[in-house]
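These notes concern the structure reproduced below.
Any read-out appearing in this document is the output of simple, stated calculations on the displayed coordinates, not a laboratory observation. Values in this document were obtained by computation on a predicted structure and should not be read as measured data. FYI the Cβ positions are ideal-geometry reconstructions off the backbone, even for glycines, and counts take in every protein chain you see.
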Amino acid sequence: MTDSSKPTLLVVDGHSLAYRAFFALPVDNFTTKDGQHTNGIYGFLSMFVNLIKAEKPTHLAVAFDTSRQSFRTREYSEYKANRSESPAEFKGQIPLLQECLAAMNVTVLTKEDVEADDILATLATQGAADGFDVLVCSGDRDTIQLVTDDVTLLYPSVQGVSQLKRYTPDAVVEKYGLPPENYPDIAALVGETSDNLPGVPKVGEKTAVKWLTQWGTLDALLENADKIGGVVGGNLRDHLDDVRRNRTLNRLLRDVELPVAPADLAVGPIDAEAVRDIFARLEFRTLLPRVFEAAGADPAMAVETAAPAVPAPTAGEPDAAGLAEWATAQTGEVGVSVIVAGGFPQRIGLASADAAVESTWDDDVAAALRDWLESDAPKVLNDAKQQVKALRRAGIRLGGLVFDPLLAGWLLRPSFPDKSLADLVHRYLDEKLPESDPAQLVPETEGATPGQLSWFVLRVADALRGELPASVARVLTEIELPTLGTLADMELAGVSVSHEKLSTFSAELGARSDDIAQRAFATIDREVNLGSPKQLQEVLFEQLQLPKTRKTKTGYSTDAAVLADLQESNPHPFLELLLQHREATKLRQIIESLDTAIAADDRIHTTYVQTGSQTGRLSSTDPNLQNIPIRNEESRRIRAAFEVGEGFETLLTADYSQIEMRIMAHLSEDPGLIEAFVSGEDLHRFVGARVFGVDPEEVTPAMRTKVKAMSYGLVYGLSAFGLSKQLRIEQSEAKQLMLEYFARFGSVRDYLRSSVEQARIDGFTETIFGRRRPFPDLASPNRVLRENAERAALNAPIQGSAADIMKIALVNIHEEFRAQGLRSRVLLQIHDELVVEVSTGEWDAAERIVRDRMGDAADLTVPLEVQIGRGGDWDVAGH
DNA sequence: CTCGGGACGTA
DNA sequence: CGTACGTCCCGAGA
């Protein structure tokens, strides 16, 4: 037991423990979707938090080796020379582990020319002298020499890093028969295979201990080596130098110069935001609460963030007139927070830099504030869309929205969208937003009031503005904020969907999938759950003995591509039926989820997540209307259920043709590609003619398919391997195709190469309009990670520019419809397509506006071509 | 009950 | 060994 009155210093050898974890944990279970291996990090941290929870250290440090070179390798070049190079998969984890520790506010120590254990020895020695109870945690047996009454060693057992054995002086004596300070003598005699330090042949621990007990010290033993008989005595005499060398090398340095003393290592509060970020990157989920728990278990490690330096102003509660008076008197920006309940405003709070007011929302407040809310007076709202929607339901169209911290935060860091004001307050103000605990009936802490929220919103906005590069600030002001208002209207409008059409189709599919299932069961003489990949694997690979397919984390793949391959090589009726069953049930699921999403107004109101992608695209949820099937004839019946609403004349669909290839032509300035688009010829026919050296009319469908796949693949960073797989052609042919392609469109290759190179230099990519996306992994030593980043970086400016263009077009169309007093409205955006509900008599005007505003949304070196369709439902309109 | 994985729909 | 998303179901673990 440690003396509870003394502070406890815990020092850990990060390298050796992470290395053990690396081999103990299966890498398959610890790889991020990007391919970063995390088993060493996970295993170390898991052990580490358990250790903190159990030992509750007051002071803490983790030491790492800097390299394999140290003073020991200089003294004895063979030192550790038998160790194979540690795998690259492990090395790449060390910087990330150090990042985790930094986020947890744990001091990380390294020093050139010494090993981690020397740092531990130094800290342990100083700590004991300074009155600490010291815990040393290392996987290197040499640290046994550090054990004293004040220093306890925690050593991982053979079971792995989760079990730690405690070495006190008594425990050392019990295990080795000698006190800790003699352990290096034993080790010097026996040798240490893992350090490539050979000892005396045939001498093990037993003999070493016997000798040392007999002679008292190693020196005495070595001096009297000639008195020892037998073969082992001879061996000892032959290896005296080895033993002396071993003893020199296994003595840990206790006087390494360090930038810190034990007292400087006091455990501090963890940086909750940073921990969340790095853990999210590493895809650690279960570990996150454990870290917080371990941190919370000790007040010294508690997650705490400073209270605001200046407390939030107490919000006044004037009456409706007073509220309006306060608002109109403001000359600067005003923070606004509308508390929404059931889709309508419930409370509203306003704040300036030093004052706040708030009120419950009622008709009087709405009437009093309407003019100001609708005016251009500058306002800042966080996550404004839902508040804008609530106000519109209450008959007020918010004006003067100049900033939204949530959007700004996403533009700065699209890979970690901060989800709430609290996240933003923490990250950008380093303060804690007062929040009441919803789990408590009577909350201990008061949450911020609407007026105070608004005050925080304003301050976060200021902090964010300071970080936004000018080009990104323009994207916010000119693209994102106007888009926000447009999306609010689109969501409120919703799209009319026929319950009848859906339910008829669903019933058909239900009957069909049951029938298919029965027939499938008949072919294998038993019933299984066709929706269970696990049960399917049993059927396919055990019962039917089909050849094993692509490996997955949990076994072998049974996806559609794999099943199609199997059907070709090993035909079996079950395979075809399974595919049909998948198709029918998938469609049915989509239909059912759409059906349940139809609201009381017979329309579906999706939610567009403006911060939902890393490239600048929107995403759509509850339900997702951006993935409604279209690829086969039957699935289009789903689109047919999306109808023009009552009181409107028709649906209009408008989509950009080949917008990404056009952006590629613009960015690469490739003369051939530009000519293709300017000529107005079918793109793939034109490209095919160039690549295959024939006239455009001689391009066969097969040739067209190939160049089409090639062109689209370019935008994604497709390899020859991928191209060959997709086209089911030889890799050599795919390679040849790429060579021919680039021979004719060389600037495309130049552009793609240089854009990734520029991103490597800048650390980010940029769209035509200045939207940025950071790519830290372009510099990663991990090849998988780096190459993934390269493909994403290749794609980001193209996909992102397309997203920018569509947003600009969408906003312009929406605003022109309103400016011209049309009832027609945009309902849906599906990345490069818009669905518009056209009011009676407005077709010509609407069609012209859509075509023009999509066509002139960006000024590229190639024209933006738009295809328009018309019909009473989405299926017809989309043709 | 939550969570990860597999599968699959779209651009 | 092709970018960007969201949703469903299953099965494992709490």
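Of the cross-linked pairs A:Lys91/A:Lys553; A:Lys80/A:Lys202; A:Lys548/A:Lys706; A:Lys706/A:Lys735; A:Lys551/A:Lys586; A:Lys708/A:Lys807, those separated by over 19 Å at the C-alpha level are A:Lys91/A:Lys553; A:Lys80/A:Lys202; A:Lys548/A:Lys706; A:Lys551/A:Lys586; A:Lys708/A:Lys807.
Efficiency by 1/(1 + (r/R0)^6): what FRET value for A:Asp170 and A:Arg760, r their Cβ-Cβ distance, R0 = 60 Å, to the nearest 0.05? Walk me through the numbers before you get to the answer.
Numbers: r = 57 Å, r/R0 = 0.95.
It comes to 0.60.
Which of rounded, prolate or oblate describes segment A:660-798 when judged by the alpha-carbon gyration tensor and an a/c cut-off of 1.5? Don't skip to the end; give the middle numbers.
Details: a/c = 2.68, a/b = 1.50, b/c = 1.78.
Verdict is oblate for segment A:660-798.
Determine Rg/Rh for chain A; Rg is computed over alpha-carbon atoms and Rh is the Kirkwood hydrodynamic estimate from the same atoms.
Numbers: Rg = 34.3 Å, Rh = 32.7 Å.
We get a ratio of 1.05 for chain A.
For an R0 of 30 angstrom, estimate the FRET efficiency from the Cβ-Cβ distance between A:His499 and A:Lys534 and round to the nearest 0.05. Working shown, then result.
Numbers: r = 35 Å, r/R0 = 1.18.
Efficiency, from the Cβ-Cβ distance: 0.25.
Normalised by residue count, segment A:385-537 yields a Cα convex hull volume of 256 Å³ per residue.
Beta-bridge orientation, chain A: approximately 70 percent antiparallel, per DSSP, counting only bridges with both partners inside. Note on A:Lys389: lysines with a C-alpha under 18 Å away, same-chain residues under 8 apart excluded, are A:Lys379. Excluding same-chain neighbours fewer than eight residues apart, the aspartates and glutamates reachable from A:Lys534 by a Cα-Cα span under 17 Å are A:Glu542, A:Asp559.
Relative to the longest principal axis of the Cα atoms of chain A, the long axis of helix A:843-855 lies at roughly 40 degrees. Extending 7 Å from the Cα toward the beta-carbon at both A:Glu223 and A:Leu544 defines two label points whose distance is 8.2 nm. At an R0 of 25 angstrom, the distance between the Cβ atoms of A:Glu815 and A:Ser619 translates into a FRET efficiency of 0.60. All other residues with a Cβ under 12 Å from the Cβ of A:Glu480 taken together, and with Lys, Arg as +1 and Asp, Glu as -1, what is their net charge? That works out to +1. Students often forget the sequence filter, so: which lysines lie under 21 Å Cα-Cα from A:Lys6 once same-chain residues fewer than 8 apart are removed? Answer for A:Lys6, where 21 Å is the Cα cut-off: A:Lys53, A:Lys56, listed by chain and number. Computed from backbone phi with θ = phi - 60° and the Karplus coefficients 6.51, -1.76 and 1.60, the 3J(HN,Hα) list for segment A:485-495 is x, 5, 4, 4, 5, 5, 5, 5, 5, x, 10 Hz; x is used for glycine and proline. Stretching the chain fully between A:Thr314 and A:Arg519 yields a gain of 66.8 nm (0.36 nm per residue, less the alpha carbon separation). Roughly what angle does helix A:450-467 make with the longest principal axis of chain A, taking Cα atoms, 0 to 90 degrees, to the nearest 10? Value to nearest ten degrees: 80. In order along segment A:34-46, the phi-based Karplus estimate (6.51 cos²θ - 1.76 cosθ + 1.60, θ = phi - 60°) of 3J(HN,Hα) comes to 7, x, 6, 7, 9, 5, x, 5, 4, x, 5, 5, 4 Hz; Gly and Pro are listed as x.
Could you tell me whether segment A:136-247 comes out rounded, prolate or oblate from its Cα gyration tensor? Rule is a ≥ b ≥ c as square roots of the eigenvalues, rounded for a/c under 1.5, then prolate if a/b exceeds b/c, otherwise oblate.
Taking the square roots of the gyration eigenvalues as a ≥ b ≥ c, segment A:136-247 is prolate.
Note that segment A:665-670 has calculated 3J(HN,Hα) couplings of 4, 5, 5, 7, 6, 6 Hz, one per residue in order, obtained from phi through the Karplus relation 6.51 cos²θ - 1.76 cosθ + 1.60 (θ = phi - 60°); glycine and proline are x. For chain A, the longest principal axis of the Cα atoms and the long axis of helix A:384-393 meet at an angle of about 30 degrees. Counted residue by residue at 0.36 nm each, then reduced by the alpha carbon distance between them, the extension gain from A:Tyr716 to A:Glu205 reaches 177.9 nm. Distance between the modelled labels on A:Leu579 and A:Glu634, one decimal in nanometres: 1.3 nm (7 Å Cα→Cβ projection).
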